[in-house]
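The values are calculated or read from the model by the stated rules, or taken from the named source; none is laboratory data. Since we're looking at a predicted model, the values are computed, not measured. Cβ coordinates were reconstructed from backbone atoms using ideal geometry, including for glycine residues, and neighbour counts include every protein chain displayed. For the accessible areas, the whole protein counts, side chains as well, though only heavy atoms, and no ligand, DNA or RNA atoms are used. Shrake-Rupley method; radii C 1.70, N 1.55, O 1.52, S 1.80 Å.
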Amino acid sequence: MRTAFGAAVAVVLTAGIGWCDVTKPQDVIYVDGAVAASLSGKPGDPAVGAEVMNKGAGNCIACHQVSALSHLPFHGEIGPMLDGVADRWTVAELRGIVANAKVMFEGSMMPSFYRTDGFIRLGDAYTGDAHGDGEVQPLLTAQQVEDVVAYLLTLKEE
Amino acid sequence: MNTSTRIIGATLALAMVPTLGVSDPDEDSLTINGEIAIVTETAAPAHLENVDTIYSGWRFRSDETQAVQMDDFDNPGMIGVENALVDWASADGTEGKSCADCHGEAEELAGVRAVYPKWNEEQGRVTTLEMEVNNCRETRMGAEKWKYTGGDMTDMIALISSVSRGMPVNVAINGPAQSTWEQGKDLYYTRTGQLELSCANCHEDSYGLMIRADHLSQGQINGFPTYRLKNTKLNSVHARFKGCVRDTRAHTYKPGSPEFIALELYVASRGNGLSVEGPSVRN
């Protein structure tokens, strides 16, 4: 059932039309950790992506240093520096890493930003309470993933 | 990127150096009141597989924060100790007894903090200091038990810790406590919540590194209760555990729960050999 639905979404995405261009987290197709098609069916906005790098559930610079964002304070050191990341990875690879880095890097500490199942003791955001029965929202929306990917694509050294 | 932007980028990168690259514990040494020598670095206990040297969280804090703990007149956590000294000497409950009636001076409990959590034969389980305080209150004093992470309780734990300062943490991990210790170890390595972070992700794999503005320590608990400048109060171990688990976007365990008792035993054992420091001062 899920496969059939995923295929249907893929068909719609390929066509690039329709009202349901957004790929749901459970329907994302990873190939060697990379994701070929836009999750939102739309291009990302690098300016919005730059905001997500610093704020909210994105907060990428909590763990990664980015020289182009050095006007923002306190870049973390947990993950690799992102300068030149667009030279090292394809757009599909970057999308896959942002959506769910654990597919490419097993055991990575990096949170899966576009995944909604398989969690242990899932909470209701930062309240400490249980999540409850409602639909689980991914840390980033499909469009936010695309925006971040679009921003990352601007980080070139060559 | 053209040449001029590259130069600007390089300049910015250099300008960033002072705020980045802070890593590893510093080289400072801690003596409290000029007389209590504190071991803040020592060889890891044999059971630790992935860490060679253990460090007190004090070594990861700024000089300014470190200084506050070096003199009891500066340490705001000592106000809690003073509050607890009043409770220590005050009769409460149906038996009309105070702590002092059975235990004498608080200093009589020197060494107790260092070995808790500990197997309680009578109860057939591992108990924490908080549980033993409430055990005394309910069964010996006939008094109401205190809230596990409440102010009265945390102040009392600060008092009991303060008289053990400088003594090495030495919790038992084998014998009847072993299964609880193993449960705690499992929890330490379990990645919880939507962020899927375990204690180990930050405090074993990444200590010494910055996570946003925080300098990650080993998450040692030898300094608890801890006066945090962030919330300007004494914080109990289980309250801190709860905060950490909450920050993984998880459904937390409850203070005083079997899970946090087990986790406390395990985390305490990772600090076997460090000195008791509570009440410590952190950011």
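Points worth noting:
- Residue satisfying condition, being closer than 30 Å to B:Ala43 by Cα and in contact with a Leu (Cβ under 6 Å, 6 or more places away or on another chain), within set B:Gly175, B:Gly166, B:Gly184: B:Gly184
- Looking only at the stretch A:102-128, and only at residues there that are more than 23 Å from B:Arg246 (Cβ to Cβ) and without any contact (Cβ under 8 Å) to a residue 12 or more places away in the chain, the one that is most open to solvent (accessible area, probe 1.4 Å): A:Glu106
- On the stretch given as the stretch A:95-150, residues that are within 14 Å of chain B (Cβ to nearest Cβ) and either at positive phi or charged (D, E, K, R) (or both) total 14.
- Of all residues in the stretch A:71-84, those satisfying the criterion of being more than 9 Å from chain B (Cβ to nearest Cβ) and touching a residue at least 60 places away in the same chain (Cβ under 8 Å) are A:Leu82, A:Gly84.
- Set B:Val81, B:Val51: member being under 28 Å from B:Leu216 (Cα atoms), in a loop (DSSP other than H, G, I, E, B) and among the aliphatic types (A, V, I, L, M): B:Val51
- The one condition in (1) within 13 Å of another protein chain (Cβ to nearest Cβ); (2) open to solvent by 70 Å² or more (accessible area, probe 1.4 Å) that A:Ala68 fails to fulfil: (2)
- Of residues in the stretch B:54-78 being out of contact with any helix residue (DSSP H, G or I) (no Cβ under 9 Å at 6 or more places or on another chain), outside any loop (DSSP other than H, G, I, E, B) and of a type in the set (Phe, Trp, Tyr), the one surrounded by the most Cβ atoms within 10 Å (Cβ to Cβ): B:Phe60
- Filtering the stretch A:29-65 to residues that are of a type in the set (Val, Ile, Thr), buried (at least 17 other Cβ atoms within 10 Å of the Cβ) and in contact (Cβ under 8 Å) with a residue 40 or more places away in the chain leaves A:Val35, A:Val52.
- Test result for B:Asp152, away from chain A (no Cβ under 14 Å) and either of a type outside the set (Gly, Ala, Ser) or farther than 30 Å from B:Glu107 by Cα (or both): yes
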